[in-house]
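Single-structure report; data block below.
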Ligand code: GLU
């Protein structure tokens, strides 16, 4: 299979130095292997995605000297793929509709009989309030969660999940005890309210569908990888190689966020920086020639 990497930004704000690092790294890795670099616009959250941010992504990446296989794909065009996977999971009886509001979850999670609220890879671990509901109860824009205990009982899910990790100087097989998922992640959301899928579901389906062999992304997503490996086993999808890179931080050591307009690529560009300057700022080798 062709060595294939991707950059998967959400068009919800300007790309900053952290995005530049991730995109250039994924691009350079693919070029070094004679492979392909793909672009995926993660606009699954249509309430936050904006066409002007998407346009800015193309502009910033081109300015950085990156080129990708065209056309770039856009998650908002892939409803059928996500629906198909949700139907398959409903068939396996591992989904349930969740009608809880955020406040309900916080209250239930901190109720004395439930013990101390737990935080995992996906925020507050869901206390299970709606787990008894059947998928048949779900209406089209309900939240759908994965019943993690039932998912673990599926025959295709092994006791130990594993994947190949190459980021930050590593080259190892990472293993994870599936039995840790209830406390580390809980009943994760696979379809958000009014959306076609959640990040976790769309990312595994899209990476497979685009034949991505190497997922290059920030270390902040390393914790989500067991959830992705579980979904891949459940759905019979291959697990790509993961390359979680360090995060680019500001002078105070905080990771950059979308609102860090001060670090936006467009701003450096407007101030006269060159793509080589950006590479230097994030500690990546300069382009020769
Ligand atoms: N869309 C995600 C972001 O903008 C990236 C997800 C991924 O690379 O897996 O942070």
Can you tell me which of 149, 80, 91 is more than 19 Å from residue 195 (Cβ to Cβ) and surrounded by fewer than 14 Cβ atoms within 10 Å (Cβ to Cβ)?
-> 91
Taking the residues in the stretch 42-72 that are within 13 Å of the ligand (Cβ to nearest atom) and touching a residue at least 40 places away in the same chain (Cβ under 8 Å) as candidates, determine which candidate is surrounded by the most Cβ atoms within 10 Å (Cβ to Cβ).
-> 44
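Would you mind listing the strands (runs of 3 or more DSSP E) fully within the stretch 120-209 where at least 3 residues are more than 16 Å from the ligand (Cβ to nearest atom) and over 18 Å from residue 85 (Cβ atoms)?
Values: elements: 143-146, 160-165, 172-177, 189-191.
Filter on the stretch 120-209 gives 160-165, 172-177.
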Considering the stretch 193-207 alone, what residues qualify as being surrounded by fewer than 18 Cβ atoms within 10 Å (Cβ to Cβ) and either at pLDDT 95 or above or out of contact with any strand residue (DSSP E or B) (no Cβ under 8 Å at 6 or more places or on another chain) (or both)?
-> 194
Total residues in the stretch 221-230, condition in contact (Cβ under 8 Å) with a residue 60 or more places away in the chain and in contact with a helix residue (DSSP H, G or I) (Cβ under 7 Å, 6 or more places away or on another chain) | 4
Over the stretch 119-137, the set of residues in contact with a strand residue (DSSP E or B) (Cβ under 6 Å, 6 or more places away or on another chain) and modelled with pLDDT of 80 or more is 130, 131, 133, 135
Within the stretch 133-150, is there a residue that is touching a residue at least 40 places away in the same chain (Cβ under 8 Å) and touching a helix residue (DSSP H, G or I) at 6+ places or on another chain (Cβ under 6 Å)?
-> yes
Among residues of the stretch 222-270 being touching a strand residue (DSSP E or B) at 6+ places or on another chain (Cβ under 6 Å) and assigned to a loop (DSSP other than H, G, I, E, B), the residue farthest from residue 181 (Cα to Cα) is 260
Which of the residues belonging to the stretch 271-289 are surrounded by 14 or more Cβ atoms within 10 Å (Cβ to Cβ) and in a loop (DSSP other than H, G, I, E, B)?
-> 273, 282, 284
Of these, 263, 259, 255, 249, which one is modelled with pLDDT under 95 and buried (at least 18 other Cβ atoms within 10 Å of the Cβ)?
-> 263
Look at the stretch 100-118 and say how many of its residues are modelled with pLDDT of 85 or more and either in contact with a helix residue (DSSP H, G or I) (Cβ under 9 Å, 6 or more places away or on another chain) or assigned to a strand (DSSP E or B) (or both).
-> 1
Can you name the residue in the stretch 2-13 that is surrounded by fewer than 20 Cβ atoms within 10 Å (Cβ to Cβ) and more than 9 Å from the ligand (Cβ to nearest atom) and, of all such residues, is nearest to residue 263 (Cα to Cα)?
-> 13
Hey, could you check the stretch 210-223 for residues that are over 27 Å from residue 125 (Cβ atoms) and surrounded by 15 or more Cβ atoms within 10 Å (Cβ to Cβ) and say which is farthest from the ligand (Cβ to nearest atom)?
-> 213
What is the number of the single condition among (1) in contact (Cβ under 8 Å) with a residue 40 or more places away in the chain; (2) surrounded by fewer than 23 Cβ atoms within 10 Å (Cβ to Cβ); (3) away from the ligand (no atom under 12 Å from the Cβ) that residue 32 does not meet?
-> (1)
Which one of these does residue 232 not meet: (1) more than 14 Å from the ligand (Cβ to nearest atom); (2) surrounded by 19 or more Cβ atoms within 10 Å (Cβ to Cβ)?
-> (1)
Does residue 96 satisfy the condition of being in contact (Cβ under 8 Å) with a residue 24 or more places away in the chain, under 27 Å from residue 194 (Cα atoms) and more than 14 Å from the ligand (Cβ to nearest atom)?
-> yes
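The values are calculated or read from the model by the stated rules, or taken from the named source; none is laboratory data. Since the model is a prediction, treat every value here as computed from it, not as a measurement. A quick note on method: Cβ atoms are made from the backbone with ideal geometry, for glycine too, and the neighbour counts reach across all protein chains shown.
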